[in-house]
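First the structure, in the form of structure tokens, and then the observations on it.
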């Protein structure tokens, strides 16, 4: 390879970048491992506090039995005759609120499991609704309805989050919530006075309760017209689910959002009814969770997500740095050994690990500033001796600092990451082409033998007038 030093240098740099890519892959594995630890910490806090909450109901639920006489043909020795037998079927009647309005307030706090912070919340809810009772009608000819115990059902996905007994009023009467019986579609139930269940009666429902949870809160819109208004001092809400808020305002002091979902725009009632049939009728059927809307208490600056994204750009970062050194090595006649390339690349890889470890303890912006400043200072000191002076060292360090700044902009602007990355690559390519536009690549790094011959030729002084090769022989007179 001594005959082709430029090619050997390029191959050596490529091998070094391959080794550094393996190191970057190990850093990304570390990021994923630490993120898994954080998720495990969140699960532990949720198990001890309360998990994500989904609020459903209230709905009026009444199982009943329908019986009827049915005539069947029976054949015996006397011929064919009709016999009556009693048919009984178990059914369920469901009544959803015509209107339901909920006003909620949510306060957050941070719990820690080791070094990992977990956002939990406590919330207060006041819900009012209106139901209209109608007696179930027989479906069989001549059928007779035998009503069961009517229950007002309410659901929370994690009942451990109830901070006190809910206060429930129906038609002005206080009802006590308790665990629902087996077969009920929701976990909490209150027995309804049968005297209230008169056909056409409007039943006003008033429900107040406090609920704790972790990370997420959702509502299932089962009423004919569902309205939910939520206020919270959390400044970074993320709205998700099947419906977005009709109105919302978000600022540094918190947010307020209002959802309004009419029954015509959702299939939640039909999906809930499909889950509320008797277990024997639903055996073997796949159940679909009812539609819902939710708010996530997400951290917009997730250190692990940003660290993972930064590590994805790590190889590009190394390529750009090595390309800058290589181009300047050709243009400025610097001599950078492959081992020095390796040292510089190791410092660049260490930046991402340093970023992750610091970001677990301080805000990501401060962690990024500290990690990048440490790596730039280290490389400035090292390049001072590699390049033989502070001027080229500071120039290259400034270039690296600019690259760190561009990378931070890409991380913070996820929507414009592709645009910023494309502009960065175009700018680097344009700078390399401008810097090497007059470079003769055929003679930029000659082989060793050619270098020796060129040096010898340059060291030989200019020749004077040509001297004769030998003096002519003397001429003697003839002897006598």
Requested in this report: Select, from 218, 195, 182, 174, the only residue that is in a strand (DSSP E or B) and without any contact (Cβ under 8 Å) to a residue 40 or more places away in the chain.
Outcome: 174
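For (1) in contact with a helix residue (DSSP H, G or I) (Cβ under 6 Å, 6 or more places away or on another chain); (2) assigned by TED's automatic domain parsing to the domain that holds residue 335; (3) at pLDDT 80 or above; (4) not in a strand (DSSP E or B), each residue gets a yes or a no:
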site	(1), (2), (3), (4)
11	no, yes, yes, yes
19	no, yes, yes, yes
23	yes, yes, yes, yes
27	yes, yes, yes, yes
45	no, no, yes, yes
58	no, no, yes, no
Report summary line: In the range 203-215, anything in a strand (DSSP E or B) and closer than 30 Å to residue 45 by Cα is listed as 207, 208, 209, 210, 211, 212, 213, 214
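Looking at the range 353-379, which of its residues are more than 19 Å from residue 398 (Cα to Cα) and either in a helix (DSSP H, G or I) or modelled with pLDDT under 85 (or both)?
The answer is 353, 354, 355, 356, 357, 358, 359, 364, 365, 366, 367.
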Query raised in the report: Which one of these is surrounded by fewer than 19 Cβ atoms within 10 Å (Cβ to Cβ), in contact with a helix residue (DSSP H, G or I) (Cβ under 7 Å, 6 or more places away or on another chain) and not in a strand (DSSP E or B): 306, 244, 315?
Result: 315
Report task. Among the residues of the range 158-167, count how many are outside any helix (DSSP H, G or I) and closer than 15 Å to residue 187 by Cα. Result -> 4
Query raised in the report: Can you tell me which of 72, 27, 59 is loosely packed, with under 13 Cβ neighbours inside 10 Å and in contact (Cβ under 8 Å) with a residue 12 or more places away in the chain?
Result: 72
Report task. Taking residue 200 as the residue in question, decide whether it is touching a helix residue (DSSP H, G or I) at 6+ places or on another chain (Cβ under 6 Å), at pLDDT below 95 and either surrounded by 23 or more Cβ atoms within 10 Å (Cβ to Cβ) or in a loop (DSSP other than H, G, I, E, B) (or both). Result -> no
Query raised in the report: If you take just the strands (runs of 3 or more DSSP E) that sit entirely in the range 81-157, which of them hold at least 1 residues that are at pLDDT below 90 and farther than 30 Å from residue 37 by Cβ?
Result: 116-132, 144-147
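Taking only the range 380-394 into account, find how many residues are assigned to a helix (DSSP H, G or I) and surrounded by 16 or more Cβ atoms within 10 Å (Cβ to Cβ).
Let us first name the residues in the range 380-394 that are assigned to a helix (DSSP H, G or I), namely 380-386, 390-394.
Now narrow it down to the ones that are surrounded by 16 or more Cβ atoms within 10 Å (Cβ to Cβ): 380, 382-384, 386, 392-393.
Result for the range 380-394: 7.
The values are calculated or read from the model by the stated rules, or taken from the named source; none is laboratory data. Just so it is clear, the structure is predicted and the values come from calculations on it, not from any experiment. Backbone-built Cβ (ideal geometry, glycine too); neighbour counts: all protein chains shown.
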